[in-house]
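Okay, so here's the structure we're looking at.
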Amino acid sequence: MENEKNIGVHETAFVTSAFRACDESLSRDKLARLWRNPKTEEWIAEYLDQVSSEEIYTHCLRNRFFMDTINNLIASQAIEVLINFGSGFSMYPFLLQKDLIHIEIDKPEIVGYKKEKIIEWQRNGILPKRTINFIGVDFSTDYRNKLQSKIDFIKGKKSSFILIEGVLFFLTIAQTDSLFSFFDTIQESGDYIGSASFQESLKDTLAFENLLNFFNQKVSKTDENDYQTLPDSYYQSNNHYKLIDHQDYYSLSALYEHKIQQQKQHILNENFYILRKI
Ligand SMILES: C[S@@+](CC[C@H](N)C(=O)[O-])C[C@H]1O[C@@H](n2cnc3c(N)ncnc32)[C@H](O)[C@@H]1O
């Protein structure tokens, strides 16, 4: 993977992890640094310079918020399984309480590489043992039946938290609808979803214009319609889930006493939603 000239969408997973490693006291992720590599370091230096330097903190706070939310639910015995859709190189299995069962779903090349590295680090004593089930799936394919039987086999009737962060921006609305209806089929009443997405107003910012230019140079030719945004109403109007928390970069900065550095025009403000199945 590391020899490709251009960044692939799947390699955004390296970039996201690298941001978390840039401010460990904010992200509380001391393991993201394991995924650092020279190519990603080059990418993030250019990205921070050309797109938005605030991206370190937006990513750190996203991780911190979901980690704290999941930790609180574990403490109140509300969840037993974390199912991470588009899990990339996130390290929740090693950051959260050790008895949680993990299902990590991403493109086959990502989960294959992640599994290999984790086994290597466990063998070398860098990481402890954890229960992680890796499943390779592309959300643009017809994955439902096969994935459902794999998840049912691992999870049974156990309570779950589904996490989908840093992914919906790259999917279509049809793929998103399909995922949310799939979540409904695999979860029970009282289970949770944590989702991150951008609102349409993102596209009015200079930071988004910069992002588009950056992706066009480094990833592939795209226009603004290739990047999905979702309104609050997408979450508010789900008949099977109740929206119980909604945050964004600004509210999380206040919550975690983080000092915002840039003007709004230079910030890619992501929104974070917690839903509970009715
Ligand atoms: C920006 S990364 C975020 C990774 C992780 N959730 C995090 O926050 O660190 C986006 C992830 O979504 C995955 N992804 C994007 N499109 C996908 C698809 N069609 N099917 C499966 N995974 C996909 C990528 O492979 C990548 O790991």
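Descriptive notes on the structure:
- Residue in the stretch 129-136 that is within 13 Å of the ligand (Cβ to nearest atom) and of a type outside the set (Gly, Ala, Ser) present: yes
- Count of the stretch 40-69 residues, restricted to those that are within 24 Å of residue 219 (Cβ to Cβ) and exposed (fewer than 15 other Cβ atoms within 10 Å of the Cβ), is 6.
- Taking (1) over 21 Å from residue 43 (Cβ atoms); (2) surrounded by fewer than 17 Cβ atoms within 10 Å (Cβ to Cβ) in turn, residue 220 satisfies each apart from (1).
- Hey, residue 21 within 12 Å of the ligand (Cβ to nearest atom), assigned to a helix (DSSP H, G or I), surrounded by 20 or more Cβ atoms within 10 Å (Cβ to Cβ) and at pLDDT below 95 or not: no
- The single condition among (1) in a helix (DSSP H, G or I); (2) of a type outside the set (Gly, Ala, Ser); (3) surrounded by fewer than 19 Cβ atoms within 10 Å (Cβ to Cβ) that residue 93 does not satisfy is (3).
- Residue pairs whose Cβ atoms lie under 7 Å apart, separated by 6 or more positions or on different chains, with the first residue in the stretch 58-69 and within 8 Å of residue 27 (Cβ to Cβ) and touching a residue at least 24 places away in the same chain (Cβ under 8 Å) and the second among the small types (Gly, Ala, Ser) and within 12 Å of the ligand (Cβ to nearest atom), are 60/27; 63/27; 64/27.
- Of all residues in the stretch 84-101, those satisfying the criterion of being within 11 Å of the chain's Cα centre (by Cα) and under 22 Å from residue 186 (Cβ atoms) are 84, 85, 86, 87, 88, 90, 92.
- Condition met for residue 118 (more than 13 Å from the ligand (Cβ to nearest atom), modelled with pLDDT of 95 or more and either touching a Cys at 6+ places or on another chain (Cβ under 7 Å) or of a type in the set (Lys, Arg) (or both)): no
- A count restricted to the stretch 252-261 and to residues that are part of a loop (DSSP other than H, G, I, E, B) and surrounded by fewer than 14 Cβ atoms within 10 Å (Cβ to Cβ) stands at 3.
- A single entry from 45, 75, 13 fulfils the requirement of being away from the ligand (no atom under 12 Å from the Cβ) and under 27 Å from residue 205 (Cα atoms): 45.
- Any chance residue 29 is at pLDDT 95 or above and more than 10 Å from the ligand (Cβ to nearest atom): no
The values are calculated or read from the model by the stated rules, or taken from the named source; none is laboratory data. Here the structure is a predicted model, which means the values were calculated and not measured. Reconstructed Cβ throughout: ideal geometry from the backbone, glycine too, with neighbour counts over all protein chains shown.
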